[in-house]
Amino acid sequence: MRVRVWCIYVNHENLEVLRRMYNVLTDKYEPVLIGDGKVRKFAGIRFGAINGIVALRRRSGHGIPQKRPEEFIGFTKKLRDRIDVLLLHDSPWLEEYKGRIAHDERTQAVGIAVYEARPKIVFCGHLHLSPYTIHRFEYGTLYGG
């Protein structure tokens, strides 16, 4: 059985290992790590990604690069109208998260990024809230976090 694996890096990964990993059982030696603003296609579904986390001061944590809000948003402009699924680590601020996550420049940047990319579906990994929620933005994008 051939299995294709894709990932993004966030705040606790070994970035050097991820950069060296490839899908060797697929037709091409495709990198496992999806680059910022890059598009991958599988079974007619187009996937895009933005790696890392949004930070107000650009720096590195545990060797993992972080992105300023405008840099994070900049990658989504490359993805607009080109993807069906967007993979992120950080989540946008939503009304139902009020009092549970920060409503600041970082979560606002993620919300702008989702709006700019306009995917059909967004998956985020950072949110540590339960139960997980599904939210539909007024422009049609579904968000799972």
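The values are calculated or read from the model by the stated rules, or taken from the named source; none is laboratory data. Computed from a predicted structure; not experimentally measured. Positions of Cβ are generated from backbone atoms using ideal geometry, with glycine treated the same way; all protein chains shown enter the neighbour counts.
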Exercise. Has the range 68-82 got any residue that is hydroxyl-bearing (Ser, Thr, Tyr), within 22 Å of Tyr139 (Cβ to Cβ) and assigned to a loop (DSSP other than H, G, I, E, B)?
Worked result: no
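Would it be correct to say that Gly48 is surrounded by 12 or more Cβ atoms within 10 Å (Cβ to Cβ), touching a strand residue (DSSP E or B) at 6+ places or on another chain (Cβ under 9 Å) and assigned to a loop (DSSP other than H, G, I, E, B)?
Details: surrounded by 12 or more Cβ atoms within 10 Å (Cβ to Cβ): yes; touching a strand residue (DSSP E or B) at 6+ places or on another chain (Cβ under 9 Å): yes; assigned to a loop (DSSP other than H, G, I, E, B): no.
For Gly48, the condition - surrounded by 12 or more Cβ atoms within 10 Å (Cβ to Cβ), touching a strand residue (DSSP E or B) at 6+ places or on another chain (Cβ under 9 Å) and assigned to a loop (DSSP other than H, G, I, E, B) - is not met.
Out of the residues in the range 51-70 that are charged (D, E, K, R) and in contact with a strand residue (DSSP E or B) (Cβ under 8 Å, 6 or more places away or on another chain), which is modelled with the lowest pLDDT? Full working, then the answer.
Taking the range 51-70 first, the residues charged (D, E, K, R) are 57-59, 67-68, 70.
Then keep just the ones that are in contact with a strand residue (DSSP E or B) (Cβ under 8 Å, 6 or more places away or on another chain); that gives 58, 67-68.
Values: Arg58: 66, Lys67: 89, Arg68: 91.
The residue in question is Arg58.
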Seminar exercise, completed: Result of the Cβ filter at 8 Å on the range 10-24, keeping first residues that are touching a residue at least 24 places away in the same chain (Cβ under 8 Å) and partners that are of a type in the set (Ser, Thr, Tyr), at least 6 apart or interchain, is Leu15/Tyr9
Problem set entry | Meets criteria (at pLDDT 90 or above and outside any loop (DSSP other than H, G, I, E, B)) for Gly37 | no
For this session: Answer yes if at least one residue in the range 11-28 is part of a loop (DSSP other than H, G, I, E, B), at pLDDT below 90 and buried (at least 16 other Cβ atoms within 10 Å of the Cβ), and no otherwise.
Result: yes
Problem set entry | Selection within the range 42-79 - farther than 21 Å from Glu105 by Cα and without any contact (Cβ under 8 Å) to a residue 40 or more places away in the chain | Phe42, Ala43, Gly44, Arg46
